[in-house]
1. Can you pull out the residues in segment 305-334 that are open to solvent by less than 20 Å² (accessible area, probe 1.4 Å), without any contact (Cβ under 8 Å) to a residue 60 or more places away in the chain, more than 20 Å from Asn380 (Cα to Cα) and not in a strand (DSSP E or B)?
2. Would it be correct to say that Ala253 is buried (at least 18 other Cβ atoms within 10 Å of the Cβ), touching a His at 6+ places or on another chain (Cβ under 9 Å) and closer than 18 Å to Ile216 by Cβ?
3. I need every pair where a residue in segment 186-205 that is among the hydrophobic types (A, V, I, L, M, F, W, C) has its Cβ under 6 Å from the Cβ of a residue that is part of a loop (DSSP other than H, G, I, E, B), sequence separation at least 6 or different chains.
4. Can you confirm whether Asp94 is in contact with a helix residue (DSSP H, G or I) (Cβ under 8 Å, 6 or more places away or on another chain) and among the acidic types (Asp, Glu)?
5. May I ask you to say which residue of Val187, Val191 is farther than 20 Å from Ser330 by Cα, at pLDDT 90 or above, in contact with a strand residue (DSSP E or B) (Cβ under 8 Å, 6 or more places away or on another chain) and not in a helix (DSSP H, G or I)?
6. Has segment 133-146 got at least one residue that is touching a residue at least 60 places away in the same chain (Cβ under 8 Å) and either out of contact with any Gly (no Cβ under 8 Å at 6 or more places or on another chain) or over 30 Å from Arg412 (Cα atoms) (or both)?
7. Is it true that Phe175 is out of contact with any Asp or Glu (no Cβ under 8 Å at 6 or more places or on another chain), modelled with pLDDT of 85 or more and farther than 30 Å from Ala465 by Cα?
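The values are calculated or read from the model by the stated rules, or taken from the named source; none is laboratory data. If you're wondering where the values come from, they're calculated on a predicted model, not measured in any experiment. Positions of Cβ are backbone-derived with ideal geometry, glycine not excepted, and every protein chain shown enters the neighbour counts. All accessible areas refer to the heavy atoms of the entire protein, side chains included, with ligands and DNA or RNA removed. Shrake-Rupley method; radii C 1.70, N 1.55, O 1.52, S 1.80 Å.
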Amino acid sequence: MIIDGVTYPGVIKEKEAAKKQYEKAVSRGQTAGLVRASGRKTEKFTVSVNVASESKVTFELVYEEMLKRHLGKYEMFIKVQPKTLVRKYEIEVDIHEPQGISFLDAQASFLTNDLLPAVEKSFSGEKGHVSFKPTIDQQRSCASCETTLLNGDFTVTYDVNRESPGNIQVVNGYFVHFFAPPKLSGVPKNVVYVIDRSGSMWGRKMEQTREALLRILNDTSAHDHFNFILFDNEIVLWKDSLIKATPENLEEAKQYVSTISPRGWTNINDPVLKAVDLLNKAHENQTVPERSVSMIILLTDGEANAGESNPSKIQENAKKAIQGRYTLYSLGFGYSVDYPFLEKLALENSGIARRIYEDSDADLQLKGFYNEIANPTLINIEMQYPENAVSDLTQNNFKHYYEGGEIVVAGRLTDNDLNSFIVDVKADGADKPIKYTENIPLQSEGDVSKKQEYIFGDFTERLWAYLTIQQLLEKRLYADSAEKANLTAQALDLSLKFKFVTPLTSMVVTKPEEKEKEEETLIADKLVEGQDQTDPFAATARLQTSSYIAPAQNYPIYSTPNFVDSDPHFVINVPQKDDALCFNIQEKPGVILNLIEDKQLGIAVNGQLIGNKKTSNSISNETYFGRIGIVNREMKIRIEVTTDTVTVQHLRNKKTFSWQQTGFINMEGFNLVVNKKSNVTFSFGEGATFVIILHEVWKDHPVHRDFLGFYTLDDHTFSAGVHGLLGQFFHGIDYEISNVHKTDNPDKPDATMKVKKKLLTVTRGLQRDYRKDHRDGIQIPCWFVHYNGEGLIDGTHTDYIVPDIFSISY
């Protein structure tokens, strides 16, 4: 943190301790900030800051990133998104590799013929250089435009010379071993694709899945064996056993894939166990090669809601069935998937999990993942190091090696008198066992220092710590409570010792006040999957350092739903601030409120209020939604959801489901799934998805009634004119919070909110999100806007009262 030319360095602390310092600084109106890292291909930094009055602060974030070798190359992604013309825009990349650089390239998703001359790239021997320096005229989207072309990824790719399969770097008593053997014969694969075809896969998701599978089939090797298992609430096998990838079988498979269509709900447990059974029988009957790689690739977009639905039980069943013999890869499609469950399911079975984002290139993402595992060349790899000379090894046994990848092992030298470092690598190849032996002469410290002057002197030690923390956190996912505590303590100790921001630590920057010596604080907080949004320790292979100068502004990192539940509490998520706003609407039972209205799309959602039962002992003003109506004028569909039934009317056809049953409707452009006594999910096209949750009270409750909660899961297709109590926030809301101060309730401080050119007094509080836990819900912190949301919503709440449950303006 740079203030008046003076730099105040960051300090790594345990996460909760750092958080308390941060909150203390914010409550006093002092300079403070919260930095979170997440992203799909590169680190995105969302910086929320509170700068003390009449102050100017620069935040500089320096980060290290390991680059993973994929398909024979290292890739570094630089996010380019200035959003305006920049007088002096420069990207400079310097590469120094002691093995020598074999090739170097740089591309950008936004490059035009006019921008191409702004990219320069060169390499010779150990060094490479890339620069990108577009002039203002080159940046323009047209000759007289003030908008910029620069919007996308700038990607640098390269690889190193490989005279031997491995490269070992030893510095300051620690070593790192990079292992990437030369081109070998491929080991046959036995793949069972377990594909979700439940109702929520309707539309573009299913289309992209089919496209990806067709691409994968085109690249399937003739020596491979494969099969498909489709699942919703039932499972369907394409073939009774795995079959060889002959041209005839591949053609038949393509025709089959083209017919896959979504229906039903989601049973994950049974198809995974069936996949294991297929592989077991293939090996028992010797219908697949003895030297081969067997794997299960699971693709799903939702949570298990049929059959065995307990995630822990599904994980236990899969692990018990697989018994370490096969690898399970989990691909989570979209934002509503239970990704922590899929990650644990994969890691417990030697695989990895990947999130597939619902972008236009989702089919390419799926194909890209397949490319990484398409060509196994070694199995059962064992890396052996001098037994009495090394300690604290990171993982050194691996189930597979895939062509174009890299295995990285690090450890500590305990024998300082070693003259050479001998490594044996044993593995099984396609036809026979393979052994590599490397004898690396150890350089003197002086020679090493000179050789390594291009990078940190403690590079190998930090890389060892990084890999060790990563592996400890992965083991933590499926450890019992006692072992989890031990792994957590080890990972925390290393994170603090090596000053890493991890899921267990945060970075605090403090500046003492000249008079009061109070702290001003900056927190750098890492997001991870499940509790977070990405894995900060994705398996990677090269260390590089960069920095980011962050102005005091915010960038969105992910989408979260807006919803209304309980009394009714409206909760508006604001991802760019990693926060939420909430307000209540107090009206009489029977009143119908407009939640969403998009005249351009012809979609409206309205909710009717109900109250508690009247009793002689109590008077309650609480109201809830007891009836919700959805109308799609273009599709001529009306949906009415009450606490008893779900009714869908299309033209003259009407279908009614009781909450006591499970059912679905799948038709062109529309999909609906009713989960018994739980929820109903429905979607229009690719970008309008909603969930209505049923809240049941115990039978004959003297006061309370059953009621409904309404959640938007996907709203990106709505037009700019969408409105309603929820709809008006689909395209974001900007506000500023200041003057946070204590009240009589220490857990509910007040603050001043500047929103829509108004100043409102708001209160910090908690509301409940019932999507994951229908009974108790998950508490979400938010800034509560009083008086029926006045000042936050457009107009007053009475403007949103409509005469009919299916009301929509023309």
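1. If we filter segment 305-334 for residues that are open to solvent by less than 20 Å² (accessible area, probe 1.4 Å), which is where we start, we get 306, 314-315, 318, 322, 326-334.
Adding the requirement that they be without any contact (Cβ under 8 Å) to a residue 60 or more places away in the chain leaves 314, 318, 322, 326, 328-332.
From what's left, more than 20 Å from Asn380 (Cα to Cα): 314, 318, 330-332.
Ile314, Ala318, listed by residue number.
2. Spelling it out, it is not the case that Ala253 is buried (at least 18 other Cβ atoms within 10 Å of the Cβ), touching a His at 6+ places or on another chain (Cβ under 9 Å) and closer than 18 Å to Ile216 by Cβ.
3. What qualifies is Val187/Ala430; Met201/Pro262; Met201/Asp301; Trp202/Pro262.
4. On the way: in contact with a helix residue (DSSP H, G or I) (Cβ under 8 Å, 6 or more places away or on another chain): no; among the acidic types (Asp, Glu): yes.
It is false that Asp94 is in contact with a helix residue (DSSP H, G or I) (Cβ under 8 Å, 6 or more places away or on another chain) and among the acidic types (Asp, Glu).
5. Val187
6. Let us first name the residues in segment 133-146 that are touching a residue at least 60 places away in the same chain (Cβ under 8 Å), namely 146.
Cutting the leftovers down to either out of contact with any Gly (no Cβ under 8 Å at 6 or more places or on another chain) or over 30 Å from Arg412 (Cα atoms) (or both) gives us 146.
Yes - at least one qualifying residue is present in segment 133-146.
7. Working: out of contact with any Asp or Glu (no Cβ under 8 Å at 6 or more places or on another chain): yes; modelled with pLDDT of 85 or more: yes; farther than 30 Å from Ala465 by Cα: no.
For Phe175, the condition - out of contact with any Asp or Glu (no Cβ under 8 Å at 6 or more places or on another chain), modelled with pLDDT of 85 or more and farther than 30 Å from Ala465 by Cα - is not met.
The rows are residues; the columns are (1) of a type in the set (Lys, Arg); (2) over 21 Å from Ser221 (Cβ atoms); (3) open to solvent by 30 Å² or more (accessible area, probe 1.4 Å); (4) touching a Pro at 6+ places or on another chain (Cβ under 9 Å).
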position: Tyr357; (1), (2), (3), (4): no, yes, yes, no
position: Phe369; (1), (2), (3), (4): no, no, no, no
position: Thr377; (1), (2), (3), (4): no, no, no, yes
position: Val390; (1), (2), (3), (4): no, yes, no, no
position: Gly404; (1), (2), (3), (4): no, no, no, no
